[in-house]
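Student: For reference, the structure I am asking about is given below.
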Amino acid sequence: MNTLREHLRVLRETLQRLLLTPGASLLSILVTGIALSLPVGGYILLQSMQTLDARLGTKPQISLYLAGGMSAAEIGKLGDRLRRHEAIEAVEFIARDAALKQLRQSTGLADVIDGLTQNPLPDAYVVHPKSRDPATLEALRNEIQAITGVAHAQLDSDWLRKLEAILNFGQLAVALLAALLSFALVAITFNTIRLQILTRRQEIEVVKLIGATDAFIRRPFLYFGMLQGLLGGIAAWLLASGMLYAMNAALGELTRLYASSFNLPSLSPADSLSLLAFSAYLGWLGAWFSVSQHLWQIEPR
């Protein structure tokens, strides 16, 4: 109970210390918020791309063109085998006559098609895999290609590879940006705490003379760094939310012109808590490094 009371006392004094210099404190919090809002914005954009891809329903497909001369029973057995495959979600059969009819209706080549003496199109199956991983899809295509009765298996995965490459590049860019800005925020907190230690040097010497431990002296500085980081995280959340509101308003006008609707997703409660915890940790880490480096240099004379 005494320990909790002591921590609450230190936290209250830390808040008072922040309020004693409102201008400098507000500037540090805004710098932290702006820096953190950049990777947060990148993270939201990546989530938006993934959400848009899911809404468009652009799922990969494998088209199987069957060999000629197969009986209906053989075609049916092949379809049953495909449906039992654990990596396949659904199978759709397209008869050659139906494919020719669809081709006739969807193109302007009706006269040419009517002049054909026989149907040149094969029977086909359209396979809908469960996975979206390009390597897994390639392996499934090669496996199906080897099945007796399959003349050719075609997988159009170029768009999927491009999308995966874009998302991977975006994730790497956001991670690098977050790492660099995190290092900068730790450095800012490090310098802020260093200046506080130098300002309170005589006070630290006095409390050391009366027997205060390093942990007791270190505690208010750690609280200061953690609290400043937490407030910076709140500022980042507010900035990101404000930018999302403005962008969604403009995006709504754009999507309505195309008779559609799409909004950039906001941060989930879990993501918001992660942001606040991470920003508080960065402030605590910068304070810990600063105190560890400078506190031992101060000894009572």
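The values are calculated or read from the model by the stated rules, or taken from the named source; none is laboratory data. All values reported here derive from a predicted model rather than from experimental measurement. We place every Cβ from the backbone using ideal geometry, glycine too, and count neighbours over all the protein chains shown.
Student: Just need a number here: residues in region 59-81 that are assigned to a helix (DSSP H, G or I), of a type in the set (Gly, Ala, Ser) and under 46 Å from the mean Cα position of the chain (by Cα).
Tutor: 2
Student: Right, another one. Look through Val174, Val112 and report the one residue that is in a helix (DSSP H, G or I) and modelled with pLDDT under 70.
Tutor: On inspection, the qualifying residue turns out to be Val112.
Student: Same structure again: Taking only pairs six or more apart or across chains, which ones have beta-carbon atoms under 8 Å, a first residue in region 129-152 that is within 21 Å of Ile94 (Cβ to Cβ), and a second residue that is of a type in the set (S, T, N, Q) and assigned to a helix (DSSP H, G or I)?
Tutor: Here the result reads Pro129/Thr136; His152/Gln145, each pair linking region 129-152 to a residue that is of a type in the set (S, T, N, Q) and assigned to a helix (DSSP H, G or I).
Student: Could I ask something else about it? Only residues that are small (Gly, Ala, Ser), more than 30 Å from the chain's Cα centre (by Cα) and either modelled with pLDDT of 90 or more or closer than 9 Å to Trp284 by Cα (or both): list them for region 215-237, please.
Tutor: Residues satisfying the conditions do not exist here.
Student: Answer yes or no as to whether Glu86 is modelled with pLDDT of 85 or more and not in a helix (DSSP H, G or I).
Tutor: yes
Student: Let me ask something else about it. Could you list all residues from region 202-213 that are assigned to a helix (DSSP H, G or I) and surrounded by fewer than 13 Cβ atoms within 10 Å (Cβ to Cβ)?
Tutor: Gln202, Glu203, Val206, Leu209
Student: Looking at Ala179, Ala173, which one is assigned by TED's automatic domain parsing to the domain that holds Arg218 and surrounded by 13 or more Cβ atoms within 10 Å (Cβ to Cβ)?
Tutor: One residue alone meets the criteria, Ala173.
Student: For Ile188, indicate whether it is among the hydrophobic types (A, V, I, L, M, F, W, C), part of a helix (DSSP H, G or I) and buried (at least 18 other Cβ atoms within 10 Å of the Cβ).
Tutor: Yes, satisfied.
Student: Still on this structure, I have one more. What number of residues within region 198-218 satisfy the criterion of being farther than 30 Å from Pro39 by Cβ and in contact (Cβ under 8 Å) with a residue 24 or more places away in the chain?
Tutor: 9
Student: Suppose we keep only residues that are touching a Ser or Thr at 6+ places or on another chain (Cβ under 8 Å) and under 14 Å from Met226 (Cβ atoms) within region 10-30. Which one would you say is surrounded by the most Cβ atoms within 10 Å (Cβ to Cβ)?
Tutor: Ranking the candidates gives Ser28 first.
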